[in-house]
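Inspection log for the structure reproduced underneath, given as structure tokens.
Read the figures in this text as sums done on the coordinates, not as results from a lab. This one's a predicted model, so the numbers in the text were calculated from it and none came from an experiment. Cβ atoms come from the backbone with ideal geometry, glycine included; neighbour counts cover every protein chain shown.
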There are 2 protein chains.
Amino acid sequence: MITEKLFIVDLQPVGRRAEVRPGQTLLEAAQSAGVELVSICGGIGVCDGCRVRLAAGQLTPLSLEEEMAFAGDELAAGYRLACQASPLSDVTIDIPPESLTTLQRLQIEGAQVEVEPAPAVIGLDLQLEPPSLDDLRSDSARLKDSLRGRLPYHTLSLGYPLLSGLSPQLRQQKWALRAVMRGDEGIAALPPGERLVGLAVDVGTTKLASYLIDLESGATLAKTGAMNPQISYGEDVVSRIAYANNRPHEGPGILHNRLLETLNDMIGEMCVQASLRRSTIVDAVVVGNTAMHHFFAGLPVAQLGASPYVPAVSEALDLPAHLLGLDIAPGANVHLPPNIAGYVGSDHVAMLLATRIWESGGAALALDIGTNTEISLAPGKKAGWPAGRLLSSSCASGPAFEGAHIHDGMRAAPGAVEKVQIDGDQVRVYTIHDQPAVGICGSGILDAIAQMQLAGIIDQRGVFDRSHPQVRVSDSRREFVLVPASESGHGRDVCVTRQDVNEIQLAKGAIRAAIEIMLAEAGLQAADLDQVIVAGAFGTYINLKSAIQVGMLPPLPLGRFSQVGNAAGAGARQMLVSLQQRELAGEIVRRVDYLELSAHRDFTTQFARALILGDIS
Amino acid sequence: MITEKLFIVDLQPVGRRAEVRPGQTLLEAAQSAGVELVSICGGIGVCDGCRVRLAAGQLTPLSLEEEMAFAGDELAAGYRLACQASPLSDVTIDIPPESLTTLQRLQIEGAQVEVEPAPAVIGLDLQLEPPSLDDLRSDSARLKDSLRGRLPYHTLSLGYPLLSGLSPQLRQQKWALRAVMRGDEGIAALPPGERLVGLAVDVGTTKLASYLIDLESGATLAKTGAMNPQISYGEDVVSRIAYANNRPHEGPGILHNRLLETLNDMIGEMCVQASLRRSTIVDAVVVGNTAMHHFFAGLPVAQLGASPYVPAVSEALDLPAHLLGLDIAPGANVHLPPNIAGYVGSDHVAMLLATRIWESGGAALALDIGTNTEISLAPGKKAGWPAGRLLSSSCASGPAFEGAHIHDGMRAAPGAVEKVQIDGDQVRVYTIHDQPAVGICGSGILDAIAQMQLAGIIDQRGVFDRSHPQVRVSDSRREFVLVPASESGHGRDVCVTRQDVNEIQLAKGAIRAAIEIMLAEAGLQAADLDQVIVAGAFGTYINLKSAIQVGMLPPLPLGRFSQVGNAAGAGARQMLVSLQQRELAGEIVRRVDYLELSAHRDFTTQFARALILGDIS
């Protein structure tokens, strides 16, 4: 009897493993491991949905379908279609986020935490002697005396939240406890041996991502995502600041409270997931753009809404959780890392921390694309800049990528067109959850416009080709039918209009203009860039080829790009488990030269150039 | 024409001054200065109400009335009747509190603050540059940069209450402000030049005394007193702890909240008095017995109600005012000086700080008499104790001195008998505000019993002389009629019963037993005491001769006693204006040997001995 050889397939970054027989595809491997890859065509190599990248090992040779699906640099980078490729050895496969049919499209994954835990808060198990007529020390003095032998501090203090419950707790727990210490301050008393948990939160303008982390091991115990409930008060940062300013008495409080309510619900949900109590969450790190940071912290925002757009606070803050209304251990602090400027917040700092774009020494660019796009450039050695020095900036890229201001736009929810392929008169769309199409989300509209341009439906200026058979005029509005009413989920056509194209031109033009000005400031050209990191929810799902096609990103080999998911959340988790990472975040901010684009002499010119669809270089 | 010589009369400690012609009495001098002395007899030298002490200068020789009114040692100490004595030179006169017809009998005077101001909080007036496109520093960074040049700290932090309002305030105040600093932490931003105010509070079981102090000069800007509203939940500490324990969910919160409501009202009242805003009150010191300390701070009290009666917290605490619900500047801290033991609290520490009983080097005793009586002994050199070393203890002296558990007892309010003289069958009483008698307050019952004993109405054991014409039996209860119904304010007799005498025996017996045991522990006898300081509301009003007569205090020359009023409040004010005084308070506590009387082998014997009315030595 011949034992059949099995190959091991490591699926990253999800961290799952499968064993396959020779001839089985990577798609089958993923399915057997419970990892759902996008597969519209059913595995026949035409939908381009199951793109993966070979990181190590050997696969069967390229199929014809694969040679058609990928550009030369993509093939060079190791990209394959999972339905076409089979292992010839044990292999490691990288799955880009867009190839996963994630149940929830809220971005809470991002890079893994890979720092040595050195948390701000530690636990010490103690057994105290009970008081007697011969030993009348107060409960607090008794605890301090016991701590003194175990810690290197001259003076120790016990915080009010610990003190206010200590006496009954010591008696209930028979004088045994886990003392939770933040430096020389006791912040909580827990039952002996209780696990210490930290909370990391990325407060996005649209989405919230939360994680519970074991502070000793760094392991993620639970995570969840939710929409930012402030959306009801304004879709973007500017309209929420206006809302707060127009209602100075109650507005800021409403925005703060709604956010905190939702965060507290998320914490509750995660506590259920991980079977733990809120009182064990003894530390927190919260990142967000500067406006979200201010709303979360209850800081005034009026000055963020008018030139010169200065933050109330830029330095790192450590605020008592109870002061902010965050329902975790009452003695916990919330660490808020520093902001760089009014429109470059701590989420961008966290992203820089997680991606370390300066470390390679090459020229590297990192973007967080959203309603507001934050960009940092590490010019690196070749530009002659000092090591570790960064240039940061931001631009208003509008809500089009969130699906707003788009005729049939919608958020990334079931039924949203998120991927488009136009081949002659054949239009193929892929929707979230494979539901009948009801609208177009950000990555879908970018794809559609890139494909429309390639198909000659629109020209470089975004003008529709009136003679094109699929272009029609409705209510004196030119539009392209992406999904006809007969195939849509709501019985109406799903279209791309001239106005939609215009919105994307404005958005991508602002981003590209910012990139060009920053490169020029550093004495670089786009081709000098060794690395371009695209972070954030939207950046994770876009088709890079489409982004290059419309001219949002410079035309570089695809291998120089990486889509890193929620790197801000990853940076927050790193700061949660390591004080060194908090210090490094402060250092990053000190190394940044902030470039205010609205004041830059070249912005208008560059912006006008960058409105053109296609390569502007 | 001959110019008549005028003498200057300095009236202390009230700090008023009068000019009198030769022949005018001290009583007339006081009246002309607006200082109201007790004068029942109308200035004919028989009521003994206008007792004063000559501190400097020369008076007319003693009158016959004065020789009858005072004991030899009182005369030696300079005691006079103001209605009998006239200046022969400029004089300084000390007026003991009991000789003043104070409108309010809440004790908020006490010793004057005489420390060099070195407050925990200071103000710095700053003018900042507004931000511009060339200077995009955040508001917080801008403020910090400006502070850095003015302060000796390497790092500076700005507290949340300051930050949360800073941005609009800077813009309203045209970038000028007074930064309020507590060490290296900014705690508030006020308009430039604003006066910085501190709050000192003495939380008594029965009464609250509050002061607003100018932190720079130490001057008292306003003061007020009120009843402790917790009285509705229990007259004494023990019953309030029981109330809290029996309602673990809401009880402690109710007691804390009622206290804070009243304190906040008092602060409001003082702000009106001094025309200032609560937001300028940037520091606070609160003292009280250990239970009041715990209720104020929201600390658990259950363990105070059962042996071995240990405090939750003994060390000094600095707690954010807003955390406790104290309505002053949101960035202010409340300093709570240390407690010595479960029944010797920070009010006693404050009293020791204000009176400095260890400083003379002699043997000195200090008592704070109330429902619970705290006693400290500085044994001094003659006992061979180390310099500055103290012995502290406490005893339960019951609520009789507050007028409770006394048949016709009442608090020190208008119509309360507070002074009694019995001369044969002539009974003279003095009531508060000279109102018709409706009851007897603490000092009155002590006086009555001393006088009844002197008149032979009761014997040393407190047994009534059945044959005495003024002793009657009512409802099989023996009683002495102090004020007949015809002369009282409510048409009923005001009486002293056998049970009343018993209550006072128990109360004074506990105090005297404590004194004797402490003296024995230190190797001293009562006669060794160079100084006895009687502090607190009740201690201020008692007739020392009566207290000695019944045996509550040891029989020493009256000149060795001082009645210092609310020394706890004075100590609180000293700690408010001076960090050095807070340190000294900590040092006092470290120098104390606490003696737990309930565990002392001699307590029962000494207590039994001390029940006897009269000299037990």
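If you place +1 on the Cβ of every Lys and Arg and -1 on the Cβ of every Asp and Glu, how big does the dipole about the Cα centre of region A:7-99 come out, in debye to the nearest 20?
Taking the Cα centre of region A:7-99 as origin, the dipole is about 240 debye.
Taking the Cα centre of each part, how many Å lie between region B:168-217 and region A:208-258?
Centre-to-centre (Cα) distance: 33 Å.
May I ask which of A:LYS207/A:LYS419; A:LYS223/A:LYS382; B:LYS207/B:LYS545 have a Cα-Cα span longer than 30 Å here?
A:LYS223/A:LYS382
Shape call for region B:481-617 from the C-alpha gyration tensor, a ≥ b ≥ c root eigenvalues: rounded (a/c under 1.5), prolate (a/b greater than b/c) or oblate?
Note, shape of region B:481-617 comes out oblate.
Multiplying the sequence separation of B:ASP73 and B:SER132 by 0.36 nm and subtracting their Cα-Cα distance, what value in nm do you get?
Full extension of this stretch gives 13.4 nm more.
In debye to the nearest 20, how big a dipole does chain B give about its Cα centre with +1 on each Lys and Arg Cβ and -1 on each Asp and Glu Cβ?
Around 660 debye, computed over chain B.
Hey, with R₀ at 45 Å, roughly what FRET efficiency would A:ASP125 and A:ARG17 work out to, going by the Cβ-Cβ distance, to 0.05?
My answer for the efficiency is 0.80.
Which of the helices in chain B meet the span-like rule: DSSP H, Cα axial reach of 24 Å or more, Kyte-Doolittle mean at least -1.0?
Sorted by number, the helices that extend far enough and score high enough are B:251-274, B:498-522.
I want to check the label-to-label distance for B:HIS490 and A:ALA55. Put each point 7 Å from Cα in the C-beta direction and report it in nm to one decimal.
Going by the 7 Å Cα→Cβ label model, 8.7 nm.
If every alpha-carbon in chain B counts as one equal scatterer, what log10 I(q)/I(0) does Debye give at q = 0.09 1/Å?
-0.77
What is the mean number of Cβ atoms from other protein chains located within 10 Å of the Cβ atom of each residue in peptide B:160-168, rounded to a whole number?
That works out to 6 on average.
How high is the relative contact order of region B:121-190, in percent, with contacts defined as C-alpha pairs under 8 Å that are six or more residues apart?
44
Under a Cβ-only charge scheme (Lys and Arg +1, Asp and Glu -1), can you give me the dipole magnitude of the protein assembly as shown about the Cα centre, in debye to the nearest 20?
Its charge dipole is roughly 80 debye.
Classify region B:550-617 from the C-alpha gyration tensor, please: rounded if a/c falls under 1.5, else prolate or oblate depending on whether a/b exceeds b/c.
Oblate is the answer for region B:550-617, as a/c is 1.5 or above yet b/c matches or exceeds a/b.
Would you work out which of B:GLN470, B:PRO161, B:LEU482 lies farthest towards the positive end of the dipole of chain B? Charges go on Cβ: Lys and Arg +1, Asp and Glu -1.
Toward the positive end, the furthest listed residue is B:PRO161.
So which trypsin sites (Lys or Arg not before Pro) in region B:440-480 pass both tests, a DSSP loop state and at most 12 other Cβ atoms within 10 Å of the Cβ?
B:ARG461, B:ARG466
Treating each Cα of region B:218-265 as an identical point scatterer and ignoring solvent, apply the Debye formula and state log10 I(q)/I(0) at q = 0.26, 0.32 Å⁻¹.
Debye intensities relative to I(0), on a log10 scale: -0.94, -1.20.
If the cut-off is 27 Å between C-alpha atoms, which lysines fall inside it for A:LYS174, apart from same-chain ones fewer than 8 positions away?
Those lysines meeting the cut-off are A:LYS144.
Taking N as the number of residues in the protein assembly as shown, what is its Cα Rg relative to 2.2 N^0.38 Å?
1.24
Determine which aspartates and glutamates satisfy two conditions relative to A:LYS5: a Cα distance under 15 Å, and not lying fewer than 8 residues away in the same chain.
A:GLU19, A:ASP90
In percent, what relative contact order does chain A have, based on Cα pairs under 8 Å that are 6 or more apart in sequence?
Across chain A, relative contact order equals 13 percent.
Could you work out the local net charge near A:VAL550, counting Lys and Arg as +1, Asp and Glu as -1, over the other residues with Cβ closer than 11 Å to its Cβ?
+1
Do any GluC sites (Glu not before Pro) in region A:268-377 lie in a DSSP loop with no more than 15 other beta carbon atoms within 10 Å, and if so, which?
Sites meeting the loop and neighbour criteria: A:GLU359.
Please list, by residue number, every one of the trypsin sites (Lys or Arg not before Pro) in region B:578-617 that is coil in DSSP and has at most 13 other beta-carbon atoms within 10 Å.
Here the sparse-neighbourhood loop sites are B:ARG601.
Hey, what number do you get for the protein assembly as shown at 222 nm if only DSSP H runs of n ≥ 4 count, each worth -39500 (n - 2.57), divided across all residues, to the nearest 500?
-8500 deg cm²/dmol
Using the Cα gyration tensor of region A:424-513, with a ≥ b ≥ c the square roots of its eigenvalues, what is the shape: rounded (a/c below 1.5), prolate (a/b larger than b/c) or oblate (neither)?
oblate
Neighbouring Cβ atoms within 10 Å as the yardstick, rank A:LEU208, A:LEU260, A:LEU199 fewest first.
If I rank by nearby Cβ atoms, fewest first, I get A:LEU260, A:LEU208, A:LEU199.
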